[in-house]
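To start, the structure under review is shown below, and the notes come after it.
Computed from the coordinates by the stated procedures, all read-outs in this text should not be read as laboratory data. This is a predicted model, so every value here is computed, not measured. For neighbour counting, all protein chains shown are included, and Cβ atoms are generated from backbone atoms with ideal geometry for every residue, glycine included.
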Amino acid sequence: MLRVEGINVYYGAIHAARQVSMEVSEGEIVTLIGANGAGKSTILRTISGLLRSDTGSIRFMDENIGTMAPHKIVERGLAQVPEGRRIFLSMTVEENLEMGAYTQNSLGIPDDLERIYALFPRLKERRGQIAGTLSGGEQQMLAMGRGLMSRPKLLMLDEPSMGLAPILVEQIFDTIIEMNKEGATILLVEQNAQMALSIAGRAYVLDTGHIAMQGAAHDLADNEDVKKAYLGGRQDE
Ligand SMILES: Nc1ncnc2c1ncn2[C@@H]1O[C@H](COP(=O)(O)OP(=O)(O)O)[C@@H](O)[C@H]1O
Ligand SMILES: [Mg+2]
C-alpha cells in the first residue's frame, strides 16, 4: 500500500531522515518507534507531502506521491493525525469533524459523522461542546475522528498517547485497534514503544534519522537492545 524508499530530509544542516525505507501493507498496524528527536514526525510529514526528499521515492496505492500536493495525497486516501492534536479549539466538536471532511462530497457528511460517533460515543455526547474545553484524551479522540472523516485507506497517527494518563492511553490504543478492524490501515508513530509494540504487527525502530531495526513487533518487544534503549526507562514512571 505504502512504499518509502531511500528518502533523506534536511532542515538546513540537520540531516533528520537518513536513507529511510519502509513499507505498509493493506490491513496492517505498523509502528515507527524511536526517542524524542529521532525523526519520526519528519518522516510522517514527508509522506504527507509537507516536507520533501530529493532522493528515493514514496509510492502509495501504486502512485508516486513524492511530489504530489498535500491535499491531493489526502484525496488519494492517506491522512495524518498530527502530533499535538492541532484541533480548532474555539470550534465545536462537530465543526472540527466537519473540517476533516474537506476532501469529501458534503452529502456524505451525516453518514460519516454517525460512523465516527459510533466509534467515539464520548464525542457524540459532546458534539456541541467547544473543543478547547475537552480533556486531553477527548481532544485526541477528536483529532483521530477528524482524521477518519476523509475516509482514509491509510491513517498515520503521530504520538497519539502523548501527555495522556495511562488509563486514557489504553483507551486510545483500544480505539486504534477498533479503527483497524473497521478497515483502516494504520501507521503509528510512538515514543511509548511498549504500548505501540503491543498492538502493532510489525515495527521499525528509528535512531537519529535512520532505521536501526525492523521486524515483527513481538520480536522487537523481546529484543534486548530495544528493551534497553526504549522500554527500560518506563519502569519508574
Ligand atoms: N522545523 C525544524 N527546523 C529545524 N530542525 C527541526 C525542525 N523540526 C525538527 N527538527 C529537528 O529534526 C530532528 C527530528 O525531529 P522530529 O522529526 O520532530 O523527531 P521526533 O518526531 O522523532 O521527535 C530533531 O533533531 C529536531 O530538532
Ligand atoms: Mg515527533
| field | Pair list, Cβ under 7 Å, 6 or more apart: region 155-175 residue within 16 Å of ligand 1 (Cβ to nearest atom), other residue among the charged types (D, E, K, R) | value | 158/83; 159/83; 159/190; 161/190; 162/83
| Any chance region 23-45 includes a residue that's closer than 13 Å to residue 5 by Cα, part of a helix (DSSP H, G or I) and away from ligand 1 (no atom under 11 Å from the Cβ)? | no
| In region 83-114, the residues that are out of contact with any Lys or Arg (no Cβ under 8 Å at 6 or more places or on another chain) and assigned to a loop (DSSP other than H, G, I, E, B) | 83, 84, 85, 86, 88, 89, 90, 91, 101, 102, 103, 105
| region 118-134, residues that are over 20 Å from the mean Cα position of the chain (by Cα) and either touching a residue at least 24 places away in the same chain (Cβ under 8 Å) or more than 25 Å from residue 187 (Cβ to Cβ) (or both) | 121, 124, 125, 126, 127, 128, 129, 130, 131, 132, 133, 134
| said: Let me confirm something: among 59, 86, which residue is surrounded by fewer than 18 Cβ atoms within 10 Å (Cβ to Cβ) and within 16 Å of ligand 1 (Cβ to nearest atom)? | reply: 86
| query | Can you pull out the residues in region 191-215 that are on the phi > 0 side of the Ramachandran plot and either surrounded by 17 or more Cβ atoms within 10 Å (Cβ to Cβ) or touching a helix residue (DSSP H, G or I) at 6+ places or on another chain (Cβ under 6 Å) (or both)? | reply | 209
| message | Condition first: more than 16 Å from ligand 2 (Cβ to nearest atom), among the hydroxyl-bearing types (Ser, Thr, Tyr) and without any contact (Cβ under 8 Å) to a residue 24 or more places away in the chain. Can you find one or more residues in region 54-71 that meet it? | response | yes
